[in-house]
Amino acid sequence: MSEQVIDQVGDYYDDIGELVELVGGNLHVGYWDSDADQTPFLEAMHRLTHEVGSRLALRRGERVLDVGCGVGEPAVRLAQRYGVSVTGITVSRWQVAEANRRVVSAGLRGRVTVEYADAAEQPFPDDTFDAALVFDALPSAEDKPRWLREVHRVLRPGGRLVFTEYPRVADLTDDERGVLAMNTIHTPPAALDDSVDLARATGFEVVAAEDLTRQVRRTYDEFFVALADQRDALAAEYGEERIAMFTTGITAMFSLCRDKIGYHVLTCVVPD
Ligand SMILES: C[S@@+](CC[C@H](N)C(=O)[O-])C[C@H]1O[C@@H](n2cnc3c(N)ncnc32)[C@H](O)[C@@H]1O
C-alpha cells in the first residue's frame with residue numbers, strides 16, 4: 001500500500017485512540033440472530049468475533065494471523081476461547097501499544113503479539129500460519145488482491161481464511177463516497193460474487209459466502225445509543241472539541257452505513 005494511504009489509515013485510528021473504549025475495543029459490527037434477539041451491544045460484538053472464530057475451525061495450538069487487528073480485542077478472545085496463538089498486525093502505532101497493553105493484562109503475553117506491519121507487504125515467511133482473519137479491515141485496503149495474495153502466501157496449504165466486507169447495498173452519491181473515503185473505505189463491492197471472485201483470483205477455494213447484512217444492521221442504532229449515553233463522560237475526559245469532532249464524523253459515517261452498507265463474510269481455504 002502507498003505510504004500516503006498507510007499514514008492516512010494509521011492517523012485515522014491513532015486519532016480515534018482511547019475512544020475505542022466506547023465499543024469495548026471492538027472495531028467491528030455486532031451480530032444478532034433476529035429482530036427479537038435481545039443481546040446487548042457489547043455482547044453482540046463479541047458474538048461476531050466468535051462467529052468468525054467458529055468459521056475458522058480453530059484448534060488448540062494453531063498459529064493465527066489477524067490482519068488489521070485493531071486493539072487486539074478479537075485476538076485476545078480467540079486466544080482465550082480456542083487456545084491458539086495469534087499475531088496481529090495494524091498500521092496504527094497507537095493500536096500496537098494499546099493492543100500489547102491489553103494482551104499483558106489478559107495474561108496472554110507470548111501467546112498474542114501485535115506489531116506494526118502493512119497487510120500488503122507482510123513481514124512473515126511463507127507458510128507461517130494455520131489460519132487468518134481479516135475482520136472488518138479489508139474495506140480499508142487500497143489493493144485488496146494484494147492483501148489476500150499476501151495472506152495466501154503466509155498461510156500453509158490447507159490454511160483457512162475468514163474475511164469480511166462492507167458491500168454497498170444501494171447506489172452511492174459522490175458525497176457519500178467522500179464520507180466513506182474519509183473513514184478509510186474506498187471501494188465497497190457491489191455484490192457477494194465480487195468477493196467470491198476476489199478470493200478465487202488470489203488462489204483461495206471459497207467454502208462459504210454469506211450475506212449477514214440483516215444480522216449486523218442493528219449495530220449503527222446501538223452505537224448511537226451508546227454514544228449518547230457516554231457522550232458527557234467522554235467530553236469530560238477527552239475534551240468537548242475532540243468529542244464533538246468525533247461525533248460529527250462518526251454520525252455521518254454510521255448513518256450512511258445503516259442505510260447503504262451491508263455485510264459479507266467469506267470463509268476460504270488454501271488448496272492443499
Ligand atoms: C475497522 S478496524 C478493525 C479492527 C479489528 N479487526 C476489530 O475487529 O476490532 C480496521 C483495522 O485495519 C487496520 N488496517 C488498515 N489498513 C491496514 C494495512 N494496510 N495493514 C495492516 N492493517 C491495516 C487498521 O489499522 C485497523 O486496525
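The values are calculated or read from the model by the stated rules, or taken from the named source; none is laboratory data. Here the structure is a predicted model, which means the values were calculated and not measured. Cβ atoms come from the backbone with ideal geometry, glycine included; neighbour counts cover every protein chain shown. Side chains included, ligands, DNA and RNA excluded: accessible areas come from the protein's heavy atoms. Shrake-Rupley method; radii C 1.70, N 1.55, O 1.52, S 1.80 Å.
Evaluate 2.2 N^0.38 Å with N set to the residue count of the chain, then give the Cα radius of gyration divided by it.
Details: Rg = 17.6 Å, N = 272, 2.2 N^0.38 = 18.5 Å.
Relative to the rule-of-thumb radius for its length, the chain sits at 0.95.
Proximity of backbone amide H atoms, modeled 1.01 Å from N, is registered between Ala131 and Arg63, Leu65, Arg160 at under 5 Å, excluding neighbours fewer than 5 places apart on the same chain. A Cβ-based charge dipole, computed about the Cα centre of region 3-269 with Lys and Arg at +1 and Asp and Glu at -1, lands at about 1160 debye. Accessible area of Arg146 (1.4 Å probe, protein heavy atoms only, ligands and nucleic acids ignored): about 80 Å². Of the residues Thr173, Gly249, Val64, the one whose Cα sits farthest towards the positive end of the charge dipole of the chain is Val64 (charges of +1 on Lys and Arg Cβ, -1 on Asp and Glu Cβ, taken about the Cα centre). Annotation: amide H of Val112 within the under-5 Å range of Val86, sequence separation 5 or more or interchain, hydrogens built in the peptide plane.
Please report the equivalent ellipsoid semi-axes of region 27-171, computed as sqrt(5 x eigenvalue) of the Cα gyration tensor, largest first, in whole Å. Provide the component values of the computation, followed by the final result.
Numbers: eigenvalues 99, 74, 49 Å².
Values for region 27-171, descending: 22, 19, 16 Å.
Mind ordering 7-14, 160-167, 129-136 by average Cβ neighbours within 10 Å, highest first? Before the final figure, lay out each step's value.
On the way: 7-14: 17.2, 160-167: 23.2, 129-136: 24.9.
Most protected by this proxy first, the peptides run 129-136, 160-167, 7-14.
Karplus-derived 3J(HN,Hα) values for region 140-151, using 6.51 cos²θ - 1.76 cosθ + 1.60 with θ = phi - 60°, are 7, 6, 6, 10, 4, x, 5, 4, 5, 5, 5, 4 Hz; glycine and proline are entered as x.
Surface exposure of region 108-220, expressed per residue as accessible area with a 1.4 Å probe, stands at 43 Å². Computed with a 1.4 Å probe over protein heavy atoms only, the accessible area of Cys268 comes to about 0 Å².
Where both partners of a DSSP beta bridge lie in the chain, what percent of those bridges are antiparallel, to the nearest 5? Each step should come with its number before you reach the end.
Details: 13 of 32 bridges.
Just about 40 percent of them are antiparallel.
Each residue of region 15-24 was assigned a 3J(HN,Hα) from its phi angle through the Karplus expression (A = 6.51, B = -1.76, C = 1.60, θ = phi - 60°), giving 5, 5, x, 4, 5, 4, 4, 4, 10, x Hz with x at Gly and Pro.
Once Lys and Arg get +1 and Asp and Glu get -1 on their Cβ, which of Leu234, Gly53, Gly158 lies farthest toward the positive end of the dipole of the chain? Looking along the dipole axis, the top candidate is Gly158. 3J(HN,Hα) along region 51-64: 5, 5, x, 5, 5, 7, 6, 6, 10, 3, x, 6, 9, 10 Hz, from the Karplus curve 6.51 cos²θ - 1.76 cosθ + 1.60 with θ = phi - 60°, whole Hz, x for Gly and Pro.
Tell me the carbon and sulfur percent of the accessible area for region 3-269, rounded to whole percent, probe radius 1.4 Å.
Numbers: 5710 of 11480 Å².
After summing per-atom areas, the C and S share lands at 50 percent.
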